[in-house]
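Asks: Quick one: the structure is below, and I'll ask about it shortly.
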Amino acid sequence: MSPRSASVNEELRRRSRERLLRAAVELVAERGYEATTLGDIADRAGAARGLVSYYFPGKRQLLQSAVHRLMHLTLEAGLEREPRTDDGRERLARAVDAVLGLARDQPLLMRTHMAGILTAEGFVQCPEQQRLAELLRDTLSRYGSADVEADYPLLRALLMGAVVAVLLPGAPMPSARLRAELFQRYGLDWELGVPPDGGPPGGTFSSAL
């Protein structure tokens, strides 16, 4: 039997890494961070336990990469859903709704992710995070940003702040209110993206006014 080519080996490594990322998201969403071990993740992924350490320095880094992958895929699906559009304002609205939707649909996972970013390990610059960043930069470019590199960190900070506000234990803010504030900040009409039932909360003015 001839040895596998470099491209085949690379594809196998990519698939193994993605299985670990999917397993991490599933298990932490089901059990929580503390109750999930690296061995559990390897078992769910059908991978050797040593493979986890080969790809990731530790559980916190693995989870950040896993959530960044989920965010990238969720954002990509939201941006490219039918009817597809190149309109920058619509795409930015879809991006905001996709991120707020993750906070609503995956509260335990997203709360754990945000808490991890604030630990000593900090923000992980992984391939999954870079793909997410490129999608947001492209969205800002289509929106008409004159300086994407300056505007991207601000958009990222605003979205992260909104997620924290939605998930804040004991004092959560309504996602519709946060959506309205973000839409007002970027001059987006309430009807863009995937608006929730009802109009914008009182005190928030439409960009059309």
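The values are calculated or read from the model by the stated rules, or taken from the named source; none is laboratory data. For clarity, every value in this text was computed on a predicted model and none was experimentally measured. In this analysis, Cβ positions are derived from the backbone assuming ideal geometry, glycine residues included, and neighbour counts consider all displayed protein chains. Accessible surface is based on the protein model in full, side chains and every heavy atom, while ligands, DNA and RNA are left aside. Shrake-Rupley method; radii C 1.70, N 1.55, O 1.52, S 1.80 Å.
Asks: Of the conditions (1) of a type outside the set (D, E); (2) modelled with pLDDT of 95 or more; (3) open to solvent by less than 60 Å² (accessible area, probe 1.4 Å); (4) more than 22 Å from L135 (Cα to Cα), P201 clears all except one; give me its number.
Replies: (2) is the only condition that P201 fails.
Asks: Also: Determine whether G161 is open to solvent by less than 60 Å² (accessible area, probe 1.4 Å), of a type outside the set (A, V, I, L, M, F, W, C) and not in a helix (DSSP H, G or I).
Replies: No, not satisfied.
Asks: Go through segment 118-136 and give me each residue that's of a type outside the set (D, E), surrounded by fewer than 16 Cβ atoms within 10 Å (Cβ to Cβ) and at negative phi.
Replies: Once the filter is applied, which keeps residues that are of a type outside the set (D, E), surrounded by fewer than 16 Cβ atoms within 10 Å (Cβ to Cβ) and at negative phi, segment 118-136 yields L118, T119, A120, F123, Q125, P127, Q130.
Asks: Please name all residue pairs, on different chains or six or more residues apart, with Cβ atoms under 7 Å, provided the first residue is in segment 13-24 and is in contact (Cβ under 8 Å) with a residue 40 or more places away in the chain and the second residue is surrounded by fewer than 17 Cβ atoms within 10 Å (Cβ to Cβ).
Replies: Pairs found: L20/Y55.
Yes or no, residue by residue, for (1) within 27 Å of S175 (Cβ to Cβ); (2) within 18 Å of the chain's Cα centre (by Cα); (3) open to solvent by 10 Å² or more (accessible area, probe 1.4 Å); (4) modelled with pLDDT of 95 or more:
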| site | (1), (2), (3), (4) |
| --- | --- |
| R13 | no, no, yes, no |
| L70 | yes, yes, yes, yes |
| L79 | yes, yes, no, yes |
| T85 | yes, no, yes, yes |
| V99 | yes, yes, yes, yes |
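Asks: Considering each residue of segment 65-90, count those that are in contact (Cβ under 8 Å) with a residue 12 or more places away in the chain, closer than 29 Å to R14 by Cα and in a helix (DSSP H, G or I), and give that number.
Replies: Adding up the residues that qualify gives 14.
Asks: Go through (1) open to solvent by 30 Å² or more (accessible area, probe 1.4 Å); (2) at pLDDT 95 or above for F183 and report which single condition fails.
Replies: (1)
Asks: Another one. If you check every pair at least six apart or on different chains, which have Cβ atoms under 7 Å apart with a residue in segment 159-176 that is in contact (Cβ under 8 Å) with a residue 24 or more places away in the chain first and a residue that is outside any loop (DSSP other than H, G, I, E, B) and of a type in the set (S, T, N, Q) second?
Replies: The qualifying pairs are V166/S175.
Asks: Name the residues in segment 45-64 that are within 16 Å of H113 (Cα to Cα) and either part of a helix (DSSP H, G or I) or charged (D, E, K, R) (or both), would you?
Replies: K59, R60, Q61, L62, L63, Q64
Asks: Only residues that are more than 15 Å from D97 (Cα to Cα), open to solvent by less than 60 Å² (accessible area, probe 1.4 Å) and out of contact with any Gly (no Cβ under 9 Å at 6 or more places or on another chain): list them for segment 139-156, please.
Replies: Matches in segment 139-156: V148, A150, D151, Y152, P153.
Asks: Between residues in segment 31-46 that are touching a residue at least 12 places away in the same chain (Cβ under 8 Å) and residues that are of a type in the set (S, T, N, Q) and open to solvent by less than 70 Å² (accessible area, probe 1.4 Å), which pairs lie under 7 Å by C-beta distance while being six or more apart or on different chains?
Replies: Hits for this filter: Y33/T112.
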